[in-house]
Amino acid sequence: MRINHSGEVAAQGLYQGQALTARLPQVRDKMQRAAQEENDHLAWCEHRLKQMGTHTSYLNPLWYLGSVAIGAAAGIAGDKWSLGFVAETEHQVVRHLDEHLSRLPSQDGKSRAILEQMRVDEGQHATHALDGGGVPLPEPIRKVMSLTSKVMTRTAYWI
Ligand SMILES: [Fe+2]
Ligand SMILES: [Fe+2]
């Protein structure tokens, strides 16, 4: 859950960074609505971590700042890239959630309920981003993104 929480911290940064630089007003609105849902995800994960008596990742400020920068850069690259970036990010998040759900202990119904709702929302964020004109990202960028998220998930597990 600490990993999922860090992911949601990063999501806040990405969406806020993009909202800063998005050109089309309707794109900016969509980003802000998605950011609102990410806010819910963040709160659910944080609440669940507290229930389980553990801390959030100490590296979260780092993930947050890095994500604002990446989100702003994606926004500057243009709305179609920025939406493509959202779609790719959310697809990767859905894959991560699927994997996490498959390993979650069957008695942990509370975490399961949170993750399943997040999975639905993230899938919709991806669909909206593509409907809004997002384009598929080049393979090397997708690779870098998945590497970055690997670093984040590994470190958030421990610290
Ligand atoms: Fe989320
Ligand atoms: Fe999302």
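Applying the selection to region 37-64, what residues are within 11 Å of ligand 1 (Cβ to nearest atom) and open to solvent by 80 Å² or more (accessible area, probe 1.4 Å)?
Across region 37-64, the qualifying residue is only Trp44.
Determine whether Val120 is within 16 Å of ligand 1 (Cβ to nearest atom), over 25 Å from His55 (Cβ atoms) and of a type in the set (Val, Ile, Thr). Walk me through it before giving the result.
Working: within 16 Å of ligand 1 (Cβ to nearest atom): yes; over 25 Å from His55 (Cβ atoms): yes; of a type in the set (Val, Ile, Thr): yes.
So Val120 passes the test.
Which pairs have Cβ atoms under 8 Å, sit 6 or more apart or on different chains, and link a residue in region 1-25 that is modelled with pLDDT of 90 or more to one that is near ligand 1 (Cβ under 10 Å from one of its atoms) and not in a helix (DSSP H, G or I)?
Partner pairs satisfying both residue conditions: none exist.
With the requirement that a residue be closer than 27 Å to Gln26 by Cα and open to solvent by 30 Å² or more (accessible area, probe 1.4 Å), what does region 94-115 give you? Outline the logic, then answer.
The first filter runs over region 94-115 and keeps only residues closer than 27 Å to Gln26 by Cα, leaving 94.
Across region 94-115, there are no qualifying residues.
Quick check on my filter: what residues within region 65-93 are surrounded by fewer than 18 Cβ atoms within 10 Å (Cβ to Cβ) and among the aliphatic types (A, V, I, L, M)?
Result: Leu65, Ala69, Ala73, Ile76, Ala77.
Which one of these is assigned to a helix (DSSP H, G or I) and within 22 Å of Leu147 (Cβ to Cβ): Ser67, Ser111? Quick ask: steps written out before the conclusion?
Details: Ser111 fails: within 22 Å of Leu147 (Cβ to Cβ).
Unique residue meeting the criteria: Ser67.
Please state which of the following conditions Leu147 fails to meet, knowing it meets all the rest: (1) surrounded by 11 or more Cβ atoms within 10 Å (Cβ to Cβ); (2) in a helix (DSSP H, G or I).
(1)
Look through region 22-36, keep the residues that are under 18 Å from Gly133 (Cβ atoms) and surrounded by 14 or more Cβ atoms within 10 Å (Cβ to Cβ), and return whichever of them is nearest to the chain's Cα centre (by Cα).
Step one: of region 22-36, the residues under 18 Å from Gly133 (Cβ atoms) are 22-34.
Filter once more, so that each one left must be surrounded by 14 or more Cβ atoms within 10 Å (Cβ to Cβ): 22, 24, 27-28, 30-32, 34.
Numbers: Ala22: 18, Leu24: 22, Val27: 17, Arg28: 17, Lys30: 15, Met31: 12, Gln32: 14, Ala34: 10 Å.
Applying the filter and picking the extreme gives Ala34.
The values are calculated or read from the model by the stated rules, or taken from the named source; none is laboratory data. Bear in mind the structure is a predicted one, so any value in this text is a computation, not a measurement. Here Cβ is always computed from backbone atoms with ideal geometry, including for glycine, and neighbour counts include all displayed protein chains. Each accessible area value is taken on the protein alone, full model and side chains, heavy atoms only, with ligands, DNA and RNA left out. Shrake-Rupley method; radii C 1.70, N 1.55, O 1.52, S 1.80 Å.
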